[in-house]
Amino acid sequence: MNTDDKDLFLEEKEEDNEEFYDFRYNSLKKKGAIVSIIMIWLFCLVIFGVAGLHFVTKDNSFSESENRVLAQFPKLSVATITDGSFMKDFETYLTDQFPFRDGIISLKTFADRIIGKNEENGVYIGKNGYLFETQTPLDKKHIKQISKAVKEFRNNHQSLETAFVLVPNSTYVYSQYLPDYFEVENQRKLISDVHKLIYDDSILWPAAAKILKDNAEDTQLYYKTDHHWTTRGAYLLFKEIALAWGLEKDEKSIDDKFEFYEISHSFEGTLASTSGVHDAQDTIEICVPKDSEGSYVVNFESSGEKTASLFFKDKLNQKNHYEVFLGGNYDKVIISTVSISKRSLLLIKDSYANCMIPMLTPYFSKIVVIDPRYLTDSLDSIIKENDFSHMMYLYNANTLFEDNSLVSCLES
């Protein structure tokens, strides 16, 4: 091939390459345009589809899986737009009312667990089906305020036989089931620190942490899926208090007075709801005094409702089966019993006390149950209206460490 032919061949080859690259470029450009169009359509479909579902689906007021009230469409006004609250509340509303929200949460939890994540929304995912509530740290300033209020109240009401029952979380009692490498502060020590601040030799202080820890291997004392202790856990502390107060002479006398019944085997509590983990179901037991039918009247003063039972079995048809005890939490509940005892009890508590209350009914002619988180009445006026012989504080450690209502209640 001479030089002219060679140059001509190279020129033709170069032209062919240019045509090939032009063709390939145009082909890729067309494919890119098609993909872009498809992505835009998919994006619009998701955006407008979800928006459309918001309009055609009914808003939920309550999440059964999360056991909480859901945000509703916020109030639209010039004021809410101006101060920015409308957009903030609207964002919360969209999050709470997102279509297929429960399914998406479950899918996220499943994906997190595949990659080895052991915490979801502040809930530790432990071994053997146990879920654990995050411990509230001890705020000494807060506890000192409680200590001051308790001591002042005690000084003003020295005639009351008083017990202070502070119950640890399952993170202490069942620490062996925490996820590997998870460390939490020793709650028994924290409770001991609180005891030192509140200490008064006239106040009964059961060693709740020790009693529960020592018996944890023999009986399930906390639910796996919920932050509450079980009825068996409450019964252990009840017996300790009953003996210390002289309500019975020995444990056998107490055991002879009560019967246990299993009423649910499908309880999934707040920790399961919060975390989206549904590996286990709990059994709920009730502890009933023998021959207790018709032995007391329960008066929910704020609503005016009266019942002849401390157990609300209709709550077993709802998500939170723990509300079978007392039906939930109320500001003030007055229980009048047929007990011939002259004792009467003022019980200041959180929800941990709800499953213990039936155990107390054979020993007191009247029990007034106060939950400071909801109380609007003056505690002094309640005491003046009732001739109490005994008083009990019953709190879970987390509630006491984070709640400010007890101080204001005692000072009212």
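The values are calculated or read from the model by the stated rules, or taken from the named source; none is laboratory data. The shown structure was predicted, so the numbers you read here are calculated from the model rather than taken from an experiment. Please note: Cβ atoms are built from the backbone with ideal geometry, for glycine as well, and neighbour counts cover all protein chains shown. Only protein heavy atoms, including side chains, enter the accessible area calculation; ligands, DNA and RNA are left aside. Shrake-Rupley method; radii C 1.70, N 1.55, O 1.52, S 1.80 Å.
The table for this structure:
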{"read-out": "Probe 1.4 Å - accessible area at Met87, Å² to nearest ten", "value": "120"}
{"read-out": "Surface per residue (accessible, 1.4 Å probe) for the stretch 130-265, Å²", "value": "48"}
{"read-out": "For the stretch 158-171, 3J(HN,Hα) per residue [Karplus equation, 6.51 cos²θ - 1.76 cosθ + 1.60, θ = phi - 60°, Hz, x = Gly/Pro]", "value": "6, 6, 7, 6, 10, 10, 10, 10, 10, 9, x, 7, 5, 4"}
{"read-out": "Carbon + sulfur, % of accessible area of the stretch 315-412 - ligands and nucleic acids excluded, 1.4 Å", "value": "44"}
{"read-out": "Spacing of the two label points (7 Å from each Cα toward its C-beta) at Ile37 and Gln158, in nm", "value": "9.2"}
{"read-out": "Over the stretch 120-268, equivalent-ellipsoid semi-axes from the Cα gyration tensor in Å", "value": "28, 24, 12"}
{"read-out": "Cα-Cα over 19 Å, subset of Lys306/Lys332; Lys144/Lys196; Lys151/Lys349; Lys140/Lys196; Lys290/Lys349; Lys140/Lys210", "value": "Lys290/Lys349; Lys140/Lys210"}
{"read-out": "Accessible area, probe 1.4 Å, largest first, for residues Lys196, Lys342, Lys224, Lys189", "value": "Lys342, Lys196, Lys189, Lys224"}
{"read-out": "Heavy-atom accessible area ranking, 1.4 Å probe, most first, across Trp245, Trp229", "value": "Trp245, Trp229"}
{"read-out": "Hydrodynamic radius of the stretch 295-412 per Kirkwood, over alpha carbon pairs, in Å", "value": "14.7"}
{"read-out": "Vicinal HN-Hα couplings computed from phi for the stretch 335-347 (Karplus, 6.51 cos²θ - 1.76 cosθ + 1.60; Hz; Gly/Pro x)", "value": "10, 9, 10, 9, 4, 7, 5, 8, 6, 9, 10, 9, 10"}
{"read-out": "Base-10 log of normalised Debye intensity for the stretch 210-311 (one unit scatterer per alpha-carbon) at q = 0.20, 0.23 Å⁻¹", "value": "-1.16, -1.23"}
